[in-house]
Amino acid sequence: AHLLFSYHGIPARYDRREGGLYQQDCQRTTQAVLDALAWPAELATLCYQSRFGPERWLGPATAQRLQQLPREGVRTLAVVTPGFLTEGLETVEEIGRLGRAQFLGAGGETFVRVPSVAAHPAFLDSLAVRVRSLIGGRPAGQAR
């Protein structure tokens, strides 16, 4: 199987303006997941979705890669969308319906969309730890 990591795209000039931080974060996140899975990098692709308008966006584009991968011999694909914490138009429609059709229509055989973390207990625990570390675990209005 091949893993495709699809992040929300942004115009390249936005990322340049911020010193490339968004692209670096996407790369670090992808590598961290690959490391956790002990998954070889050559069986993974990082790309960006939801492009519109005429300007240059970060690439490669998810829609293009979904059509190219079967021509490169990929038959089984799992799509991960780590930049989307909850399900929405980008995950359900753009990846789950349109992306599936693009991949299978180009000759792919098996397409799996990995659900978002949404209300997964491990994610919620991690988020709670982060919130507590920033606000000290106190509801608004409580004195320190």
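Please treat every number below as a calculation from the coordinates, not as lab data. All values reported here derive from a predicted model rather than from experimental measurement. No Cβ is skipped: glycine too gets one built from the backbone with ideal geometry, and neighbour counts run over all protein chains shown.
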Toy charge model, Lys and Arg Cβ at +1, Asp and Glu Cβ at -1: segment 49-96 dipole around Cα centroid in debye, rounded to 20, equals 280 debye
Placing unit charges on C-beta atoms (Lys and Arg positive, Asp and Glu negative, everything else neutral), compute the dipole magnitude of segment 94-135 about its Cα centre in debye, rounded to 20. 120 debye
Report for segment 2-118 the percent antiparallel among DSSP-assigned beta bridges with both residues inside it, nearest 5. 5 percent
With angles folded into 0 to 90 degrees, how steeply does helix 121-135 sit against the dominant principal axis of the chain? Use alpha carbons for both and round to 10. 40 degrees
Of Gln49, Leu69, Val131, farthest towards positive along the dipole that unit charges on Lys, Arg, Asp, Glu beta carbons give the chain: Val131
Can you pull out the chymotrypsin sites (Phe, Trp or Tyr not before Pro) in segment 12-83 that DSSP calls coil and that have at most 11 other Cβ atoms within 10 Å? Phe52
Sorted by chain and number, the residues with a modelled amide H under 5 Å from that of Trp57, at a separation of 5 or more or across chains, are Ala12
Taking the Cα centre of the chain as origin, work out the dipole magnitude from +1 charges on Lys and Arg Cβ and -1 charges on Asp and Glu Cβ, in debye rounded to 20. 360 debye
For the Cα atoms of the chain, what angle does the longest principal axis make with the long axis of helix 21-37, in degrees from 0 to 90, nearest 10? 80 degrees
Rounded FRET efficiency, nearest 0.05, which uses the C-beta distance separating Val129 from Arg28 and R0 of 22 Å: 0.70
Please work out how much length the chain gains when fully extended from Leu89 to His120, using 0.36 nm per residue of separation minus the C-alpha to C-alpha distance, in nm with one decimal. 9.2 nm
What base-10 log of the normalised intensity I(q)/I(0) is obtained for the chain from the Debye formula, alpha carbons as equal point scatterers, at q = 0.12, 0.16, 0.20 Å⁻¹? -0.57, -0.92, -1.27
Taking Cα pairs closer than 8 Å and at least 6 residues apart, the relative contact order of the chain in percent is 27 percent
